[in-house]
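First comes the structure, then the notes that go with it.
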Amino acid sequence: MPNPYRRTFLRGAGVALALPLLESSLPAAKQDKPRCRRLVAINIGLGLHLPNIVPQQSGRNYDLPTYLKLLGDFREQFTVISGVSHPEVGGGHSSYKSFLTCQPHPNSAGFRNTISLDQFAAAKFGSETRFASLALSSSGPGLAWSRSGVEIPTLTRPSFVFQKLFLAGNPAERAQQTQRLQEGQSVLDVVMEKTKRLESKLSGRDRDKLDQYFEAVREAERRLAKAEAWEQKPKPAVDVKPPQDERDSKKIVECMRLMYDVMHLALESDSTRFATYNIAGMNAVPVIPGVDSDYHNLSHHGKDPAKIAQLTLVESALMQEFGRFLQKLSETTTPEGTLLDSTMVLFGSNLGNASSHDTKNMPIVLAGGGFQHGQHLAFDPKNNYPLPNLFVSMLQQLGMETDTFGTGTGTMAGLTSQT
């Protein structure tokens, strides 16, 4: 009996392109299923110069500052938020660890992180796609953390992300991968059995450590089981050439564009619905016209007009690539509208004033995802509003019944859903 929910393919010249599920191809009974929601979080690790991104006026009729002019076409599809921060999260650059977890004191000696926003959502909805989530970065660490506070390893090469998403390998390679997954599960079974024997001999503190370890093993088991199940299903086909990585990391525009493109493909093909991207910056001169100073040094501008002028060039390039990503999402249609309509895109920085490593007044832009946008939510720059409340709003928009996340105890004031 034919499957009425089978994906539609266009075939020609030896190429198969998997189309998204089309509303007209679904039986009437299935057209009222819950809306598909997605979440992307992007962090600029070296901050964003606040006068260039925070409007002078609050509300809807604000003048677009320098960076938001670059997103002007999407004015009614994003909300800019100022005067917000994570309570008790300091630590300068190390505050990236808490960008999506809200966990206080990330620079303390005994710091133990907790689950990040994307992983919290992926734990509930991630089984609906091949990859529960994607953790990406320009280099080094990322933004995603497991329930037990373990950092999710990041992918830094767009070509490898594309390979994971779309390249299946030959039958022998697939069989080998399945065997590796099964062997990985059997090893975890042995480890769990042996460590359980230790419980009766351990102190209370050691038991806590062992509980953390058990939770990490269980998470690995769940990931392995899901990976094995999906290994038996064909990957989606896309009519796109695999990207070739930019070898010069100082060409940050080209590197970002490649990563944004594979992120878009991941969402478009419904390979995942949750992605994080940490743009860490660099201790080098980026290849951008008019820039001849080290990017990290520019972020510590000390209000030097010459440094701020070059920093503006760098950050404008970052904003332009972000705008290009929004453009691609807005041009991709789904049965429910555009991909941007169903994708919450959080863009900002863990630093409010990178020049002084200040974590207050974090610059935040929230685009898409079915909220009523087109406004500047301006909170008190001296007594910041808790940013974790935004995360509660985002989780509720995904369809989760929760009034808390991290240190958030309610939804964000002034932010409402369209539906």
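The values are calculated or read from the model by the stated rules, or taken from the named source; none is laboratory data. All of these numbers come straight from a predicted model, not from anything done at the bench. Note that each Cβ is placed from the backbone with ideal geometry, even for glycine, and that neighbours are counted across all protein chains shown.
Annotations for the structure displayed:
- Tally, over the stretch 132-149, of residues that are in a loop (DSSP other than H, G, I, E, B), out of contact with any Cys (no Cβ under 8 Å at 6 or more places or on another chain) and surrounded by 19 or more Cβ atoms within 10 Å (Cβ to Cβ): 6
- For the stretch 77-93, the criterion of being within 22 Å of the chain's Cα centre (by Cα), among the charged types (D, E, K, R) and either assigned to a loop (DSSP other than H, G, I, E, B) or assigned by TED's automatic domain parsing to the domain that holds residue 363 (or both) is satisfied by no residue at all.
- Here residue 281 does not fit the description of being in a loop (DSSP other than H, G, I, E, B), at pLDDT 95 or above and at positive phi.
Conditions tested, residue by residue: (1) touching a Leu at 6+ places or on another chain (Cβ under 9 Å); (2) under 28 Å from residue 91 (Cβ atoms); (3) crowded, with 23+ Cβ neighbours inside 10 Å.
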position	(1), (2), (3)
308	yes, yes, no
312	no, yes, no
325	no, no, yes
330	yes, no, no
333	yes, no, no
372	yes, no, no
399	no, no, no
415	yes, yes, no
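Table: residues versus (1) on the phi > 0 side of the Ramachandran plot; (2) in a loop (DSSP other than H, G, I, E, B).
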site	(1), (2)
303	yes, yes
316	no, no
347	no, no
366	no, no
373	no, yes
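- Unique residue being surrounded by 20 or more Cβ atoms within 10 Å (Cβ to Cβ) and at pLDDT 95 or above when the list is 381, 388: 388
- The C-beta contact set for the stretch 263-291 (first residue within 22 Å of residue 139 (Cα to Cα), second residue surrounded by fewer than 23 Cβ atoms within 10 Å (Cβ to Cβ) and of a type in the set (Phe, Trp, Tyr), distance under 6 angstrom, 6+ apart or interchain) comprises 272/131; 281/295; 282/295; 286/295.
- Count - residues of the stretch 375-409 that are part of a loop (DSSP other than H, G, I, E, B) and at negative phi: 15
- Verdict on residue 315 being among the charged types (D, E, K, R) and closer than 16 Å to residue 71 by Cα: yes
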